[in-house]
Amino acid sequence: MSKILKSIVLLLLITQPLFAGGTSKFTAADTADISKFVKKNLSIDVKKMKKLGVKKLVILECYGEYVTSKEVTNSASSQRYTGWVNTKTDTLEFDKDYYTVTSNLVYAAVKEAFEANGIEIVSKADIQANEAYISFNLEEEKEGRGASSGLFKPTTVEKSQKVSTTGLGIFPSSPLKMIKLVMNLGEITHSLGAEGFLQVKFKVDKNKKDQPVLDQFDILLSTDLRGQEVGFKGDKKMRYDFYVQWQPILKLKVELESQDPVREDKKGPLNVAMYDKALTSMLSAVTNGFSSGLK
C-alpha cells in the first residue's frame, strides 16, 4: 500500500504546472519554423521511451481544463489602506460542446503524433470494452475551483471546467478512489496489450482581451510494465507494476499567450470563430512540435 501512496503523491506533484514561469507571446506565424518554436517553448524528453523500445501505448486520460471565471478582490493591505473591498468578476464561457470538440481535437493530434512515429495507440473502442476500466465509471466532465491570495496581492478565485475527450473519463480526485484506480492501471494496460499508458492534459485561460492563454500542456508516460506472481498457493495471480511512472515526456517551458485577434474590431463582440482559430493554432503548434520531437 505504501508503494501505491508514494505513486499517488508523485502523480499529484508531477501534474502541477511544470514550467519555470513567464509568458511567451504567440502568433500563428510562429509555427513557420517548428524547430525554433520547440526549442523556445517546449520541453520534450522521450529518451527513456526510445531506450525501452516502446511500440504500443494506450491513452487512458485526456482532458482540457478551461477557465470560465475569475473573481479578483483587492488585497488585504489595500483594503486596510482604502477602507474599500473591490471585487471584479471576469468570465468567458462557451457551450460544453465546444470544449468537447477541442479536447477531441487534442486527443486526435496526440494519437497521430505517436502513430506517425511508429508507436501504436490502442483505440478508444478497446478501452471502452475493458471491464476493469468501465467499472470505475469515470466522469467526462468536472468543475474545478482554485484560489490564491496574499497580504499584498489580490485574492483570485478561479472557476474552470474540465472536459475529457469523448469516451474517456477523468481520473478521480478522491484519494480512496485514486488508490483503487492506481492499483488497477497495470492490469488494465496489460489486458489492452499495451506497454504503457499516457495521460494528456492541458489548461486554457485568457488574457484581458479574451485572447486564449495556454497555461499548461502535459503528456505523462507510465511504462516498463513488469508482471509478477503474487498470493498464496492455490490462490495466485499476476500483478503488473510500472517501473517508469508518470514521466513528463512533454511540458511547456512557459505559458503561451495568443496575440492573434479574437474580434473583428477592438470594441466589437468576441468572434468565436476567430477565438477558435487562435486557440487551435496554439494547440496544433504544441502537438506538431511534440511530433517533430519524437522523430
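Inclusion of Glu257 among residues that are part of a strand (DSSP E or B), among the acidic types (Asp, Glu) and over 28 Å from Gly53 (Cβ atoms) is warranted. Scan Thr102, Thr166, Thr156 and give me the residue that is surrounded by fewer than 16 Cβ atoms within 10 Å (Cβ to Cβ), modelled with pLDDT of 95 or more and among the β-branched types (Val, Ile, Thr). Every option except Thr166 fails the conditions. If you check Arg239 against the conditions, is it touching a helix residue (DSSP H, G or I) at 6+ places or on another chain (Cβ under 8 Å), in a strand (DSSP E or B), surrounded by fewer than 17 Cβ atoms within 10 Å (Cβ to Cβ) and basic (Lys, Arg)? Here the answer is yes, as Arg239 does meet what is asked. Residues in segment 84-125 that are part of a strand (DSSP E or B) and not hydrophobic (A, V, I, L, M, F, W, C): Thr87, Lys88, Thr89, Asp90, Thr91, Glu120.
Here Gln199 passes the criteria (1) touching a Phe, Trp or Tyr at 6+ places or on another chain (Cβ under 8 Å); (2) at positive phi except the one numbered (2).
Looking at segment 137-225, the strands (runs of 3 or more DSSP E) lying wholly inside it that each contain 3 or more residues that are under 30 Å from Leu52 (Cβ atoms) sit at 197-206. Does Gln211 count as on the phi < 0 side of the Ramachandran plot and at pLDDT below 95? No, not satisfied. Flag: Thr82 does not match the condition of being at pLDDT 65 or above, among the hydroxyl-bearing types (Ser, Thr, Tyr) and closer than 18 Å to Val213 by Cβ. Within segment 238-254, being over 22 Å from Phe114 (Cβ atoms) and touching a Lys or Arg at 6+ places or on another chain (Cβ under 7 Å) holds for one residue alone: Asp241. Scanning segment 111-130 for residues that are closer than 19 Å to Ile188 by Cβ and in contact with a strand residue (DSSP E or B) (Cβ under 7 Å, 6 or more places away or on another chain) yields Lys111, Phe114, Ile119, Glu120, Ile121, Val122, Ile127.
Consider segment 19-55 and keep the residues that are surrounded by 15 or more Cβ atoms within 10 Å (Cβ to Cβ) and under 17 Å from the mean Cα position of the chain (by Cα). The one that is modelled with the lowest pLDDT is Phe19. Within segment 126-136, the residues that satisfy the criterion of being in contact (Cβ under 8 Å) with a residue 24 or more places away in the chain and part of a helix (DSSP H, G or I) are Asp126, Ile127, Gln128, Ala132, Tyr133. If you go through segment 199-208 and keep only what is charged (D, E, K, R) and farther than 16 Å from Glu71 by Cα, you end up with Lys201, Lys203. Screening Glu264, Glu255 for residues that are surrounded by 19 or more Cβ atoms within 10 Å (Cβ to Cβ) and either more than 14 Å from Asp30 (Cβ to Cβ) or modelled with pLDDT of 95 or more (or both) leaves exactly one candidate, Glu255.
The values are calculated or read from the model by the stated rules, or taken from the named source; none is laboratory data. Values in this document were obtained by computation on a predicted structure and should not be read as measured data. Every residue, glycine as well, gets a Cβ built from its backbone with ideal geometry; the counts of neighbours run over all protein chains shown.
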